[in-house]
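Asks: One structure follows; several queries about it will come next.
The values are calculated or read from the model by the stated rules, or taken from the named source; none is laboratory data. Fair warning: this is a prediction, and the values are worked out from it, not measured in the lab. No Cβ is skipped: glycine too gets one built from the backbone with ideal geometry, and neighbour counts run over all protein chains shown. What goes into the accessible areas is simple: the full protein's heavy atoms, side chains included, and nothing from ligands, DNA or RNA. Shrake-Rupley method; radii C 1.70, N 1.55, O 1.52, S 1.80 Å.
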Amino acid sequence: MNFNELPEFARECKQLMKKYKSLSDDLEEFKRVITVEPLGNSKHFTVIIKNDRCAVIKARMFCRYLKGSSLRIIYAFHCNDLRVDFIEIYCKGDKEGENRKRIKTYLNNL
């Protein structure tokens, strides 16, 4: 499985890594989980958009530094070429929901 990051995702991830030191390890663990089950395997995964090219999924990502709340991660799974593109990552306590405009722009640029 190939993993790619949008530049915005990389920027957000870098900012969050300063705050949550375990984030890089937590992200690697998340990658292992979605390698096995790309569309998710529990109530912590929600398919936002699904079309013939890809599925955009919103998931809760466990972070060891966060006790009560968790991080949210938005990614696109391309089943034809087994590719995952990370679109957005944010802390649930800091932001209400995902950036729909960024998802729409991503889908339009496919």
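Asks: Report the local net charge at G93: Lys and Arg +1, Asp and Glu -1, summed over other residues whose C-beta lies under 12 Å from its C-beta. Walk me through the numbers before you get to the answer.
Replies: Numbers: positive: K19, K67, R72, K92, K95; negative: D94, E96.
Taking every Cβ under 12 Å from that of G93, the sum is +3.
Asks: Something else now. Please say if region 70-110 is rounded, prolate or oblate, where rounded means a/c under 1.5 for a ≥ b ≥ c the square roots of the C-alpha gyration tensor eigenvalues, and otherwise the choice is prolate for a/b larger than b/c and oblate otherwise?
Replies: Details: a/c = 4.23, a/b = 1.66, b/c = 2.55.
Judged from the Cα gyration tensor, region 70-110 comes out oblate (a/c at least 1.5, b/c at or above a/b).
Asks: Take the alpha carbon atoms of region 1-18, find their center, do the same for region 60-110, and report the distance between the two centers in whole angstrom.
Replies: 10
Asks: As a check on your grasp of the helix formula, calculate [θ] at 222 nm for the chain: sum -39500 (n - 2.57) over DSSP H runs of n ≥ 4, divide by the residue count, round to the nearest 500.
Replies: It lands at -10000 deg cm²/dmol.
Asks: Next question. Leaving out ligands, DNA and RNA, and with a 1.4 Å probe, what % of the accessible surface on the chain is carbon or sulfur?
Replies: 49
Asks: Just tell me the longest site-free run in the chain, where the sites are chymotrypsin sites (Phe, Trp or Tyr not before Pro) in a DSSP loop having at most 14 other beta-carbon atoms within 10 Å.
Replies: Segment 1-61 is the longest.
Asks: Over the chain, what is the mean sequence separation of C-alpha contacts under 8 Å (at least six apart), divided by residue count, expressed as relative contact order in percent?
Replies: 27
Asks: Once a ≥ b ≥ c are taken as the square roots of the eigenvalues of the Cα gyration tensor of region 1-41, is the result rounded (a/c under 1.5), prolate (a/b larger than b/c) or oblate (a/b not larger than b/c)? The partial results should precede the final answer.
Replies: Working: a/c = 2.79, a/b = 1.56, b/c = 1.79.
Because a/c hits 1.5 or more and a/b fails to exceed b/c, region 1-41 counts as oblate.
Asks: I need the shape label for the chain. Rule: rounded when a/c is under 1.5, else prolate if a/b > b/c, else oblate, with a, b, c from the alpha carbon gyration tensor.
Replies: Cα axes put the chain in the prolate bin.
Asks: Roll a 1.4 Å probe over the protein chains and send me the accessible area per residue for the chain in Å².
Replies: Working: 6580 Å² over 110 residues.
Accessible surface, normalised per residue, equals 60 Å².
Asks: Which is the longest stretch in the chain that no exposed loop site breaks, taking sites as trypsin sites (Lys or Arg not before Pro) with a DSSP loop state and at most 16 other Cβ atoms within 10 Å?
Replies: In short, 68-91.
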